[in-house]
């Protein structure tokens, strides 16, 4: 299905618009049904890829009227927005309502943004302009935009990947200072040492105020480290358990 449809979505703006309006926006519940609720990982992955590549190929399609299903979305978007923006906003809108209830499928949901960001600099810039980094950090901290995550063992590795990728595209000079700057013997600020190589030294934009806040940054760092330690402890426990089981079977 994906291979067949992707060829048409790649070549025709009219096909992209028809598919998005008639198959997705006209039935907005389908975003949740196929990205979060569907029990088949293959179906969720195929629909994710269709949305990603439809948005990717729509980069040059120009402005279009916003679908009515976005009228209640708590996100601001430009009147000049097009199909690309509308698709990404419809997926982001799930953070306000449905995502917290489907923690078992978090990995594939956030992977949609990871795949889209991997397609190029323009795609990374689009996600930054839609405040995706800030929204995902808030979701991980249970600080909004929707209800707290209900699934205790939610897999957030893809969320970390998306946030990391986007931050590495930003100018962070406002947060960096050389050792000699205070004494006047060095530059007042330093470039982002982890800047994406594909950017060739040119940041997409300055780190956004929503991300560059002491509260959010500090809590995110503390939460990230704690989550990593918990996951490491769980993996170690599983390894010990498996090793013990293997040893017992072998000895018997």
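Quick note: the coordinates plus some simple rules give every number you see, no bench work behind them. If you're wondering where the values come from, they're calculated on a predicted model, not measured in any experiment. Counting neighbours? That spans all protein chains shown, and the Cβs are built from the backbone with ideal geometry, glycine included.
Based on the mean of other beta carbon atoms within 10 Å per residue, what is the order of 8-18, 27-37, most packed first?
Values: 8-18: 15.1, 27-37: 17.2.
Put in order of decreasing packing, that is 27-37, 8-18.
Quick one: Cα centre-to-centre distance for segment 18-56 and segment 89-143, in angstrom?
15
On full extension of the chain, what length is gained from residue 11 through residue 121, given 0.36 nm per residue of separation minus the C-alpha to C-alpha distance?
Numbers: separation 110, 0.36 × 110 = 39.60 nm, distance 2.13 nm.
Going from the current span to full extension adds 37.5 nm.
Simple spin-label model, 7 Å along Cα-to-Cβ: residue 18 to residue 40 in nm?
Calculated label separation equals 2.4 nm.
Rank by packing, highest mean first: peptides 167-173, 202-208, 115-121, 76-82, with packing defined as the count of other Cβ atoms within 10 Å averaged across residues.
Put in order of decreasing packing, that is 167-173, 115-121, 202-208, 76-82.
Need one word for segment 1-136: rounded, prolate or oblate. Basis is the Cα gyration tensor (sqrt eigenvalues a ≥ b ≥ c); a/c below 1.5 gives rounded, then a/b vs b/c decides.
Judged from the Cα gyration tensor, segment 1-136 comes out rounded (a/c under 1.5).
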